[in-house]
Amino acid sequence: MELELDRVTKQYGNKTACDRISITFQKGVYGLLGANGAGKTTLIRMICGVLAPTSGTISFNKIDVSHEDYRDALGYLPQEFGYYPEFSALDFLLYIAALKGVPKPQAKEKAWELLKQVSLEKDARKRIKTFSGGMKQRLGIAQSMLNNPQILILDEPTAGLDPKERIHFRNMISCLGEDRIVLLSTHIVSDIEHIAGTILVMKDGSLIHQGTRNEIISAIDGKVWECTLSQSDAIDICKKYPVINLRQESAGMVFLRLISEEKPCAEAFIAQATLEDLYLYYFSEGSEQ
Amino acid sequence: MRGFWNLVGFEYKKILCKRSIQFTLILSVILTVFNVSVTLFGDYYVDGTPYESNYAAMVKDRAYARSLSGRPLDSGLIMETVRAYAQIPPSDVYQSTQEYQTIARPYSDIYEVIRSVFNTASKRFNMEDFQMLTKTEAEGYYNIRHEKLAQHILQTRMSDKAKEQVMAMDAQIKTPFSFSYTDGYTRYFILINTLGLFCEFVIAVCLAPLYSREYTSGTDQLILSSKYGKNKLIAAKIFTGFSMTLILGLIQLTLAFFLSLAIFGADGGNAPLQLFNSLSPYPLSMAQTSLMLMVVSLFAFLMTGAITMLLSANLKTPFGVIVLMSVLLIAPMLGSVSEQNILFHNLYQLFPTQMTSLSSVTAIIQYEFGGFVIHPYIFLPLFALTLSVILTSLSYHIFKYHQIV
């Protein structure tokens with residue numbers, strides 16, 4: 001099982017949204033991390049065949065992205081998930097199942113199974129227009145899995161879910177990643193941190209890092225600092241460095257967690273880096289990394 | 001075909017579940033019924049006062065016309081009509097006279113058929129002229145009709161071959177005409193253009209969201225990334241669009257037709273078209289003309305469906321599609337193009353709303369290509385079919401390669 005991207009590029013006039021991206025996905029969960037405008041959604045749309053690359057190729061097990069068999073292996077939850085307000089949840093899943101070529105009897109069975117998994121069983125016959133944002137999102141997750149896809153692409157899947165639903169969904173994704181390729185794009189770093197075996201970091205249309213959580217984080221080892229300073233010193237430090245965390249302590253002191261190539265002040269000491277630190281390191285305003 | 005019908009079912013569901021579409025469908029049926037029967041509402045006024053209800057007038061006139069049905073419209077019947085009308089004394093409103101109501105009114109349908117031949121561009125043949133009609137003139141009725149038609153044909157800018165073919169068609173018309181009561185059919189001929197506009201508007205409303213709604217709702221991403229989203233689904237959408245067009249068209253056309261016959265009477269199916277339009281060169285009966293109009297109208301509806309689907313695939317909102325279609329449907333009805341400019345005249349007849357009118361389908365001006373003369377009732381559906389095929393393949397291509405940016 002191999003999803004291969006070979007020098008995939010997408011240009012809009014002079015702007016390059018994705019620049020010669022080459023990567024081979026194998027079974028497992030991949031987390032795609034990047035700021036707004038980094039090119040994540042463009043890349044995902046190209047992988048899903050709804051946006052043609054300017055150049056480069058995308059194939060799954062040597063089947064080109066434009067082929068019906070490629071789409072047969074695909075499950076996709078777009079960032080802005082569209083639905084038919086007057087359809088019930090069950091109708092909607094049956095329609096998507098028909099689009100995915102799932103035979104009618106199996107489609108019904110699978111739809112009920114997924115509705116149960118995303119806790120929408122009781123609301124199956126209610127019209128989608130009566131659903132809350134979270135319910136719609138869960139329905140979106142269910143539709144993406146109707147054809148038991150070998151490639152599952154999820155763009156911001158946990159947006160609108162409450163913490164309990166998010167954890168439930170994360171666990172579900174972890175299990176799914178055992179026998180398929182799952183590509184998860186999100187701003188919620190902890191989602192990726194918990195379930196992604198491989199993390200891809202995108203910036204300005206290029207993949208700047210890829211690897212396991214520890215491999216990725218090693219890039220900022222020794223660059224995360226913590227210190228407790230007076231208000232006035234803290235203000236100076238905040239102006240100079242990207243601050244990850246700021247907490248008011250007692251007696252007018254301020255606790256700071258920040259990123260810096262070198263020791264920012266005498267009181268600072270090195271802290272254990274996390275994925276959130278890495279995100280800030282690459283995507284903080286004015287970062288030139 | 002696996003899964004195809006399932007997808008078609010869902011496409012129908014998407015369209016028919018919308019309240020605005022349900023409302024439009026119900027409204028179109030109500031408007032059809034209203035339009036067919038509207039002339040029966042209210043009263044028949046003579047000299048400013050209600051004389052009888054319109055319904056009673058229709059029943060009375062129908063009975064009068066039926067009593068003369070089957071008689072040849074020859075000089076004998078013409079002179080009988082002249083004699084009846086000659087009884088009417090001079091009056092500002094001759095319909096208010098007792099003589100008209102009791103003696104001449106039974107012949108009023110025949111009077112109208114005769115008068116239309118004697119009318120000239122410069123002078124309207126009125127009741128007083130009719131009262132003076134001589135036997136010789138009555139005997140020359142068909143010659144005058146023929147000369148008038150021939151003159152009209154010769155004045156057009158059609159090729160000699162086309163002119164000959166139109167004259168040859170006219171020569172096939174059996175004379176004298178056999179008179180018959182035909183109001184059931186003629187009411188349909190009068191209404192079909194307006195009803196065609198209603199139907200085409202309903203088609204535009206129903207099909208406007210076919211593709212554009214997927215763009216506005218964001219479901220295009222789900223569709224185009226699914227197995228059948230770039231082939232079978234589009235085929236299902238096209239099938240849905242055309243089948244719905246045909247169903248709506250058939251319902252509208254047959255409802256109006258049978259309602260018209262049921263209300264006004266089904267007599268006159270075999271009567272010649274010339275009882276409605278005395279200068280028509282087409283050797284057709286009322287029933288044949290009705291069938292021909294229905295067939296051509298159905299093709300016009302298919303073309304409307306194809307145009308709507310193309311706009312729907314191109315535009316981002318169903319509202320934009322409806323606005324453009326409304327302009328396309330209504331604008332041509334507001335003007336006209338002279339027969340003297342054959343190219344523009346013939347192009348003008350190709351608008352969907354023009355295609356559903358009897359005057360377009362049985363126009364004297366023929367379509368000519370490379371020495372071939374094609375009758376409008378053949379050319380119009382052929383054009384609609386060809387354009388529909390081209391536009392449909394374009395909309396298929398546009399949706400298939402739609403990019404989510």
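Overview of values
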item	result
Stokes-Einstein D (µm²/s) once Rh is taken as the Kirkwood radius of the protein assembly as shown over alpha-carbon pairs, at 37 °C in 0.692 mPa s	105 µm²/s
Distant-in-sequence amide H partners of B:Val46 (H built 1.01 Å from N, under 5 Å)	B:Tyr51
Under 5 Å, built H, 5+ apart or other chain: amide partners of A:Ile244	A:Arg257, A:Leu258, A:Ile259
Gained length - A:Ser232 relative to A:Glu68, 0.36 nm times residue gap less alpha-carbon distance	52.8 nm
Spacing of the two label points (7 Å from each Cα toward its C-beta) at A:Asn36 and B:Glu99, in nm	9.0 nm
FRET E, pair A:Asp221, B:Ile330, Förster distance 60 Å, beta-carbon r, rounded to 0.05	0.25
Tail beyond 14 Å, pair distance distribution of region B:297-364 (Cα, percent)	62 percent
Paramagnetic reach from A:Asn171 (point 7 Å along Cα→Cβ, amide N under 16 Å) across region A:105-133	A:116-120
A:Gln117-B:Cys17 FRET efficiency (beta carbon distance; Förster radius 35 Å; 0.05 resolution)	0.85
Relative exposure of A:Leu258, B:Leu16, B:Leu329, judged by other C-beta atoms within 10 Å (fewest first)	B:Leu16, B:Leu329, A:Leu258
Largest-first ellipsoid semi-axes for chain A, taking √(5λ) over the Cα gyration tensor eigenvalues, angstrom	39, 24, 16
Gained length - B:Leu154 relative to B:Val46, 0.36 nm times residue gap less alpha-carbon distance	34.7 nm
Sequence-distant residues sharing a close amide H with B:Arg71 (under 5 Å, placed H)	B:Phe179
Two-site label geometry, B:Phe372 and B:Ile398: point separation in nm, points 7 Å out along Cα→Cβ	2.9 nm
In order through region B:339-344: 3J(HN,Hα) via Karplus (6.51 cos²θ - 1.76 cosθ + 1.60), integer Hz, x for Gly, Pro	5, 5, 9, 4, 4, 5
For region B:152-170 versus region A:128-167, the gap between their alpha-carbon centres in whole angstrom	70 Å
Relative frequency of Cα-Cα separations exceeding 13 Å in region A:222-272, percent	48 percent
Cβ-derived FRET efficiency at R0 25 Å, B:Asn119 paired with B:Gln172, nearest 0.05	0.55
C-alpha center-to-center spacing [region B:1-54, region A:1-64] in angstrom	51 Å
Under Karplus coefficients 6.51, -1.76 and 1.60, residue-wise ³J(HN,Hα) of region B:239-244 in Hz, glycine/proline x	4, 4, x, 6, 5, 5
Partner chain coverage, peptide A:40-48 - average Cβ within 10 angstrom	2
Relative exposure of B:Thr136, B:Thr97, judged by other C-beta atoms within 10 Å (fewest first)	B:Thr136, B:Thr97
Footprinting exposure proxy for A:Met135, B:Met169 (fewest neighbouring C-beta atoms within 10 Å first)	B:Met169, A:Met135
Karplus-derived 3J(HN,Hα), 6.51/-1.76/1.60, for each residue of region B:262-274, Hz, glycine and proline x	5, 7, 9, x, 8, 5, x, x, 8, 5, x, 4, 5
Gap separating the Cα centres of region B:330-405 and region B:75-102, nearest whole Å	45 Å
Spread of Cα-to-Cα distances over 10 Å intervals beginning at zero, given as percent, for region B:46-171	11, 35, 30, 17, 7, 0
Chain B - percent relative contact order, Cα under 8 Å, separation 6 or more	20 percent
Restricting region B:40-98 to chymotrypsin sites (Phe, Trp or Tyr not before Pro) in coil, as DSSP defines it, with at most 10 other Cβ within 10 Å	B:Phe41
Overall form of region B:134-187 per C-alpha gyration tensor (a/c, 1.5; a/b vs b/c)	oblate
Å³ per residue enclosed by the Cα convex hull of chain B	161 Å³
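The numbers here are math on the coordinates, done by the rules we state, and not lab data. Worth saying up front: this structure is predicted, and the values here are computed from it rather than measured. In this analysis, Cβ positions are derived from the backbone assuming ideal geometry, glycine residues included, and neighbour counts consider all displayed protein chains.
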